[in-house]
Amino acid sequence: MPTFVQIIEFVGTFAFAISGIRLASAKQFDWFGAYVVGLVTAIGGGTIRDLLLGVTPFWMTDPVYLVCSGLALLWVIFLGKYLIHLHNTFFIFDSIGLALFTVVGVGKALALGYPFWVAIVMGSITGAAGGVIRDVFINEIPLIFRKEIYAIACVVGGMVYWACDFASLNPMFTQITSGVSVFIVRILAVKYKICLPILKGNQ
Amino acid sequence: MPTFVQIIEFVGTFAFAISGIRLASAKQFDWFGAYVVGLVTAIGGGTIRDLLLGVTPFWMTDPVYLVCSGLALLWVIFLGKYLIHLHNTFFIFDSIGLALFTVVGVGKALALGYPFWVAIVMGSITGAAGGVIRDVFINEIPLIFRKEIYAIACVVGGMVYWACDFASLNPMFTQITSGVSVFIVRILAVKYKICLPILKGNQ
Amino acid sequence: MPTFVQIIEFVGTFAFAISGIRLASAKQFDWFGAYVVGLVTAIGGGTIRDLLLGVTPFWMTDPVYLVCSGLALLWVIFLGKYLIHLHNTFFIFDSIGLALFTVVGVGKALALGYPFWVAIVMGSITGAAGGVIRDVFINEIPLIFRKEIYAIACVVGGMVYWACDFASLNPMFTQITSGVSVFIVRILAVKYKICLPILKGNQ
């Protein structure tokens with residue numbers, strides 16, 4: 001039986017892969033290209049984190065992530081026309097995935113003995129770097145650099161993790177609080193169209 | 001005396017570097033830029049594979065790959081006008097390089113104790129990722145995501161490797177059969193213009 | 001008290017980050033995106049070097065690089081309008097940074113026991129790769145591939161390092177001579193508009 005965290009991780013991977021595959025399909029990628037972009041969106045952040053931390057990339061120990069991205073491709077191929085009606089559902093899944101990926105990234109860095117400021121960076125990379133690689137592959141300026149409160153949600157979640165840990169709270173409670181804060185920041189930012197200021201040009 | 005595999009590896013590296021340098025020249029790169037793009041096309045896939053596997057990148061142990069890319073640059077600078085007549089020759093060299101790089105990638109992952117599904121991914125990365133970095137550097141959407149049966153040939157070659165190994169065939173025979181199948185899939189796909197389906201947009 | 005090298009390193013990091021942030025601002029990035037592009041410009045080259053060398057990325061051991069990039073962002077936000085008058089100052093700082101980064105990269109590879117040709121590559125990656133990632137992120141063809149004598153200055157500096165070491169010169173003198181040669185090549189190339197030849201297209 002998969003654990004609760006494994007189920008959430010699967011859902012998050014699926015939602016991230018769907019986001020990559022949809023953007024690839026808008027650029028006329030073939031099935032293989034769409035699969036690769038979906039996969040990289042889902043596992044790219046964690047892979048960069050693991051390379052920086054000096055450990056074996058997580059997806060090389062379990063084929064579930066490759067399979068999950070393959071299921072996401074099949075979904076878009078065969079059920080793609082229903083995706084548009086599920087826009088809000090996928091947004092929720094994507095935000096849950098972001099929250100979980102961030103908490104996993106922060107926790108992994110801490111478990112390896114790195115200080116909190118490194119762990120917050122690793123949490124943010126885990127959550128947001130896959131989308132950056134996705135946008136480089138489809139030849140667009142990364143979305144998170146221009147419009148969305150996305151990585152900032154990861155940073156906030158990492159700081160909440162830090163605060164809870166500083167207050168010696170229970171580890172499970174710390175992780176849940178951190179994940180929930182990522183989720184809430186992301187949802188509120190989209191709902192109320194909160195953006196960071198644009199840096200003025202010609203400087 | 002170089003071995004047969006070393007000669008093939010040199011030819012493959014040269015062909016990959018030529019492909020990068022030609023695309024760079026179409027974008028008005030200077031000599032240095034063309035050299036870097038050629039080098040990255042040739043060694044990029046193997047470098048990513050080695051970083052993921054946690055071993056020292058292969059080209060850092062022998063300067064032959066840097067020299068080989070330099071010879072490819074000199075060729076394009078001084079003999080470039082003859083390249084167009086050698087189009088088919090280079091296509092054959094490129095396909096031989098793809099076959100060899102795939103087999104080397106699969107074999108290296110297996111030798112480090114990784115399971116076959118990781119080895120197939122590593123073979124495909126070795127063969128195809130250099131071209132992806134090349135296309136990112138020249139600011140184009142990676143060719144293999146949209147048009148060509150290229151990485152799929154690597155995947156097929158990796159699966160043939162698996163099947164031969166499963167049937168307990170002789171290691172040398174396994175590697176040759178795997179390489180030949182990469183080569184044949186690539187040649188047939190180009191000759192008969194076989195493509196994967198395009199993923200429909202607006203999803 | 002910070003040492004002389006630490007002060008130079010801080011100045012170089014600041015100048016590299018400013019170059020990334022200014023290019024990001026020209027593309028309407030938000031504050032977060034500009035920070036990330038500035039940070040990656042400053043630490044990207046050293047990070048790739050450390051991954052290739054198999055050691056922990058240097059910025060993960062000291063938060064000063066993240067803080068320094070943050071100060072560069074604040075500078076552009078609040079004092080950006082004065083930047084244009086400081087154009088020459090920043091060019092000098094940027095060239096000092098390039099010189100120092102190159103020497104640090106060469107020295108680190110040698111200290112790990114790699115041969116000189118690897119060390120020269122590592123010095124060039126340390127100095128120039130951050131700017132390549134910056135240009136990929138802002139979706140432009142990397143500047144150093146088309147116009148500027150930039151990485152070539154790193155290569156020259158690495159070769160001077162080699163020559164001084166071959167002549168058994170004092171290590172400190174070797175490093176200073178190497179750095180000064182990077183600086184001079186860079187300054188002369190810009191002052192006299194020295195470029196490498198462009199590779200002719202349609203080949």
* Asked: Per-residue mean of other chain beta-carbon atoms within 10 angstrom of the beta-carbon, peptide B:140-151?
  -> 5
* **Total formal charge among the other residues, if their Cβ is under 11 angstrom from that of A:LEU23, Lys/Arg +1 and Asp/Glu -1** => +1
* Report, as a whole number in µm² per second, the diffusion coefficient that Stokes-Einstein gives for the protein assembly as shown at 20 °C and 1.002 mPa s using the Kirkwood radius over alpha carbon pairs. => 85 µm²/s
* Taking the Cα-to-Cβ direction at C:ALA111 and at A:ILE198 and moving 7 Å from each Cα, how far apart do the two end points lie in nm? -> 4.4 nm
* **Pair B:LEU71, A:ILE184: separation of 7 Å Cα→Cβ label points (nm)** => 6.5 nm
* To do: Collect residues whose amide H, placed 1.01 Å from N in the peptide plane, falls under 5 Å from the amide H of B:ASP30; neighbours closer than 5 in sequence don't count.
  => C:ARG146, C:LEU199
* Asked: Could you give me the ³J(HN,Hα) list for the range C:53-65, computed from phi with Karplus coefficients 6.51, -1.76, 1.60 and θ = phi - 60°, whole Hz, x at Gly and Pro?
  -> 7, x, 10, 5, x, 4, 6, 7, 9, 7, x, 4, 6
* To do: For n ≥ 4 DSSP H runs only, could you compute -39500 (n - 2.57) per run for the protein assembly as shown, divide by its residues and tell me the 222 nm figure to the nearest 500?
  => -25000 deg cm²/dmol
* To do: Take every Cα pair under 8 Å in the range B:4-191 that's 6+ residues apart, average their separations, divide by the length, and report that relative contact order as a whole percent.
  => 24 percent
* **Semi-axis lengths, Å, the range A:130-203, gyration tensor of Cα atoms, sqrt of 5 times eigenvalues** => 29, 14, 12
* Asked: Using θ = phi - 60° and the Karplus curve 6.51 cos²θ - 1.76 cosθ + 1.60, what whole-Hz ³J(HN,Hα) does each residue of the range B:79-96 get, with Gly and Pro shown as x?
  -> 10, x, 5, 8, 4, 5, 6, 9, 3, 5, 4, 5, 4, 5, 4, 4, 5, 5
* Asked: What is the distance, in nm, between label points placed 7 Å from the Cα along the Cα-to-Cβ direction at C:LEU79 and at A:HIS85?
  -> 5.9 nm
* To do: Could you work out, for the range A:4-191, what percent of all Cα-Cα pairs fall into each 5 Å distance bin, beginning at 0 Å and stopping at the bin that holds the largest distance?
  => 1, 9, 17, 22, 21, 16, 9, 4, 2, 0, 0
* To do: May I ask you to compute the full-extension gain from A:VAL55 to A:MET159, defined as 0.36 nm times their residue separation minus their alpha-carbon distance, rounded to one decimal in nm?
  => 35.1 nm
* How far apart are the B:LYS193 label points across copies, placing each 7 Å from Cα toward Cβ, in nm, shortest first? -> 4.7, 4.7
* Asked: Summing +1 for each Lys or Arg and -1 for each Asp or Glu, what net charge is found among the other residues whose Cβ lies under 15 Å from the Cβ of A:TYR192?
  -> +3
* DSSP loop (so not H, G, I, E, B), at most 14 other Cβ within 10 Å: list which chymotrypsin sites (Phe, Trp or Tyr not before Pro) in the range C:142-192 pass both filters. => C:TYR192
* Label distances, nm, B:ILE77 versus same residue in remaining copies, Cβ-directed 7 Å point -> 4.7, 4.7
* **Restricting the range C:99-203 to trypsin sites (Lys or Arg not before Pro) in coil, as DSSP defines it, with at most 12 other Cβ within 10 Å** => C:LYS193
* Structure fact -> chain C, Gaussian network, Cα under 10 Å: of C:GLY131, C:GLY38, C:GLY80, the residue fluctuating most is C:GLY80
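Every read-out reported here was derived from the displayed coordinates using simple, explicitly stated rules and does not represent laboratory data. For clarity, every value in this text was computed on a predicted model and none was experimentally measured. All Cβ positions, glycine included, derive from the backbone under ideal geometry; neighbour counts span all protein chains shown.
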